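> One structure, pasted below without further comment.
FYI, it's all coordinate maths here, none of it is from the lab. Here the structure is a predicted model, which is why all the values come from computation and not from measurement. Please note: Cβ atoms are built from the backbone with ideal geometry, for glycine as well, and neighbour counts cover all protein chains shown.
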Amino acid sequence: MNAPLRLTNLCKQYGGTLVVDGLDLELEAGRCHGLLGPNGAGKTTTLRLALGLIGADAGTVELLGHPMPADAALARRKVGVVPQVDSLDPDFTVRENLHTYGRYFGMKGAEIEARIPDLLDFSGLNGKADAPILTLSGGMKRRLTLARALVNDPDLVFLDEPTTGLDPQARHLIWQGLRRLIARGKTLLLTTHFMDEAERLCDVISVIDHGRVIVRGSPRELIASNIEPHVVEIYGDGLAEWKACASDFCRRCEQAGETLFCYTEAPERVVAELATRPGLRYLHRPANLEDVFLKLTGRDLRD
Amino acid sequence: MIDFAWYPVWRRNFLVWKKLAGPSLLGNLADPMLYMLGLGYGLGRLLPAVEGVPYLNFLAAGTLAYSVMNSATFETLYSAFSRMHVQKTWDAILNTPLTLKDVMLGELMWATSKSLLSGIAILLVIAVLGLYADFALLLALLPVAVLTGFCFAGMGLAINAVSPNYDFFLYYFTLAITPMVLLGGVFYPPSALPDWLAAIAAWLPLTHAVELARPLVLGRIPDGIGLHVFMLLAYGVVGFWAALALTRKRLLR
C-alpha cells in the first residue's frame, strides 16, 4: 500500500534560516508515528508543509497519494487534525461544533448527525452533546477536538501535542482513544514533548533536530541502538570525587545541574561502589526514550 | 462555474449570530435611529427645507449608508479579528478542505449580509415614518446596501489582516471612518463643502453610497450611477484582494 504521507528532501527557510533542511519522512499505513524534537526543531513547520498550508522551498510532499500543496483541498478530505491550540467554537455546543466542522468537509447534516453518537462515545462525551463549550473541562475540550478531527472519518490523523496541559487522568483517556484509532486501522502522526507518551503509543519514532530526521525506529530499537541499557542518577555530597573516578565504573557520564547521569551496561558495579559512599544518593532505572532524546539533541534549553 | 465553497463559513457565522440575533438587531438599529431621529427632529426644527425636503427626510438616506457601512466595518474588524486571531476559528477551518480564499469569501459574504440586514432595518423605519417619495425606488436601496456592505467588508478585511490587536482599529476609525461620516454627505449636501474639501470627499467610498441612496429615498433616479457603482466596487475589490494577500502572508507563511 502507498505511504499515507511521504516527505522527500523537504526544505523551508524563513529569513535565511533553514527551518526544515532536507527532511525525509515516510509513514506506514495503520501505524502510529511519533515526531519528536526540541522547540524550534521544525516539527510544526513540517506538519504545516505536510498539510499543504505552506509550500516548500524544495522537495516534495505527497499526502494520501496527492501532490501538495497543489491538491491540498482534495487530500485534506481524508485527513484529521488535532491542533496544538484550542480552536473549538466557544459560541456553540458540543453537537454544534461537530456539525459545523463536518460542513467544512462538504458533509450533509444527516450524515454528520449519524456519526455524532459514535464520536461522542469514542471521546467519552456521552450526555454532553448539548453542553456549551464553556462548561467543558480542559480534558473534555481536547477529547472533543479529537472527535472533531474524526468527523470526516479520516485515514490519517495529525496530532500536534494532543495532551499538553492535561492532568494524568485526562492524558490516559486520550491515549485510550488513540489506541482505539490505531486498532481501527488509522494512521497517526503525533508530535509530543512527553517521551513516555511517544514510548507508549508510537510504533515508529522519528527524532528531528535542525530541520532533519536524525534517527528513526521503534522506541525499543532507538533505546537499544543509541544508549546504554541502564542509568544511575547520582546526587548529594561527594559528587565531585565520584565524578573523578566514575569512568572506572560506567561507560558514559553527563552532569546536569547537581545530578550526574551514569550510563552503563553493568549497573551492579556502580551500585556496589555507591554503597561505599554514604553521602551520595542515587536512583537506578532502565534507560528510556528521554535519555535517547537528550543524548541526541543535547541538554541545552531551546527557546 | 460559481464556487460555493465559502458557504459553510458564512453558515457558521450565521448560526452564531442567530443565537444572539435579538440584541444584535437592536444594536444595529438603535445607534442609527438615535442619530436619525435626534438630529432629524432636533436640528430639523431649526433648518429650512434641505434640497427641498424636511431635514429628517434628507437625513434618512445618509443614515442608511452610514449604518450599512458600520455593520460591515464592525463585522470585519472586531468580529473577524476574534475569529482569526483570538478563537483561531480560521486556523481550524484551514485544516479542512477549505482554503483561505473560501474562509475570507465567507467572511466577506457574511459581513455583506449583515449590512443588508441593517439596510433592511433602516428601510423599514423609513417606510413606516413615510420618509420616502416612491416605494419602488425605495426598494432599489437594497442593492445599494449590498454594494456598500461589500465595499466596506473588503476594506475592513484588509485592515483586519494587518492588525496586531483590537486597539489598532481605532486608527481606521479615526483616519477613515469618521472623516467619511463627516465629509461623505451623510448630514448635509456635499455642495455645502468648500471646493478643496469636496474634492477630497469625492474620493471617499461613503460619498458614493450616499449619492446613490439619497435620490432613491427622495424619489429620483441617481445621477452618475456608473461612477458610484464603479467606485464602491473598486474599493471593495481592491480591499478584498489586498486582504487576501495580506492574510495569506500573516497566516500561511
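> Lys and Arg at +1, Asp and Glu at -1: add these up for the other residues within a Cβ distance under 14 Å of B:Phe14 and post the number.
Numbers: positive: A:Arg103, B:Arg11, B:Arg12, B:Lys18, B:Lys19, B:Arg83, B:Lys114; negative: A:Asp89, A:Asp91, A:Glu96, B:Glu75, B:Glu107.
Its environment carries a net charge of +2.
> In nm, give the distance between the simple-model label positions of B:Asp223 and A:Ala224, each being 7 Å from the Cα along the Cα-to-Cβ direction.
Result: 9.0 nm between the two label points.
> Express the relative contact order of region A:5-223 as a whole percentage, based on alpha carbon pairs under 8 Å and six or more residues apart in sequence.
Working: 416 pairs, mean separation 65.2, N = 219.
The normalised contact order for region A:5-223 reaches 30 percent.
> Oh, and also: Looking at region A:26-98, which trypsin sites (Lys or Arg not before Pro) are in a loop (DSSP not H, G, I, E or B) and have at most 11 other Cβ atoms within 10 Å? Intermediate results must be reported in sequence, preceding the final value.
On the way: sites: A:Arg31, A:Lys43, A:Arg48, A:Arg76, A:Arg77, A:Lys78, A:Arg95; in loops: A:Arg31.
Passing sites in region A:26-98 do not exist.
> So, one more: Sorting B:Ser115, B:Ser163, A:Ser247 on the 10 Å Cβ count, fewest up front, what's the list?
Numbers: B:Ser115 28, B:Ser163 19, A:Ser247 11.
Ascending number of Cβ neighbours within 10 Å: A:Ser247, B:Ser163, B:Ser115.
> Just grab the label-to-label distance for A:His284 and B:Ile120, each label 7 Å out from Cα along the Cβ direction, in nm (one decimal).
Here the modelled spin labels are 7.9 nm apart.
> What is the sum of charges around A:Val204, taking Lys and Arg as +1, Asp and Glu as -1, for the other residues whose C-beta is under 10 Å from the C-beta of A:Val204?
Computed value for this residue: -2.
> Using R₀ = 51 Å, calculate the FRET efficiency as 1/(1 + (r/R₀)^6) where r is the Cβ-Cβ separation of B:Leu139 and A:Asn39; round to 0.05. All intermediate terms of the calculation are to be shown ahead of the outcome.
Values: r = 60 Å, r/R0 = 1.17.
The computed FRET efficiency comes out at 0.30.
> Suppose each label sits 7 Å from its Cα in the direction of the beta carbon; what would the B:Tyr171-A:Val271 distance come out to in nanometres?
For the pair B:Tyr171/A:Val271, the computed spacing is 6.6 nm.
> Tell me, what is the FRET efficiency for B:Leu43 and A:Asp57 to the nearest 0.05, using R0 = 60 angstrom and their Cβ-Cβ distance as r?
Working: r = 62 Å, r/R0 = 1.03.
Rounded to the nearest 0.05, the efficiency is 0.45.
> Counting pairs of alpha carbon atoms under 8 Å apart in space and at least six apart in sequence, what relative contact order in percent does region B:14-251 give? Please list the in-between numbers first.
Details: 315 pairs, mean separation 60.7, N = 238.
Normalised by residue count, the contact order of region B:14-251 is 25 percent.
> Taking 0.36 nm per residue of separation and subtracting the Cα-Cα distance, what length does fully extending A:Trp175 through A:Asp24 add? Display every interim value, and only then the final one.
Values: separation 151, 0.36 × 151 = 54.36 nm, distance 2.70 nm.
Value of the extension gain: 51.7 nm.
> If you don't mind, another one. With 10 angstrom as the radius, rank B:Ile120, B:Ile221 by how many other C-beta atoms surround their C-beta, starting from the fewest.
Details: B:Ile120 15, B:Ile221 10.
Placing the least packed residue first, the sequence is B:Ile221, B:Ile120.
> Hey, with R₀ at 51 Å, roughly what FRET efficiency would A:Tyr235 and A:Asp118 work out to, going by the Cβ-Cβ distance, to 0.05?
Details: r = 50 Å, r/R0 = 0.99.
E(calc), rounded to 0.05, equals 0.50.
> Tabulate in residue order the Karplus-calculated ³J(HN,Hα) for region A:84-94, using 6.51 cos²θ - 1.76 cosθ + 1.60 with θ = phi - 60°, rounded to whole Hz; enter x for Gly and Pro.
Along region A:84-94, the couplings run 5, 9, 4, 10, 5, 7, x, 7, 10, 7, 4 Hz.
> Across the residues of A:148-158, average count of Cβ atoms on other protein chains within 10 Å? Each step should come with its number before you reach the end.
Values: counts 2, 3, 0, 1, 2, 0, 0, 0, 0, 0, 1.
Neighbouring Cβ atoms belonging to other protein chains average 1 per residue here.
> Per residue of A:50-58, how many C-beta atoms from partner chains lie within 10 Å of its own C-beta, taken as a mean? Walk me through the numbers on the way to the answer.
Details: counts 0, 2, 3, 8, 4, 1, 0, 0, 0.
For peptide A:50-58, the averaged partner shielding equals 2.
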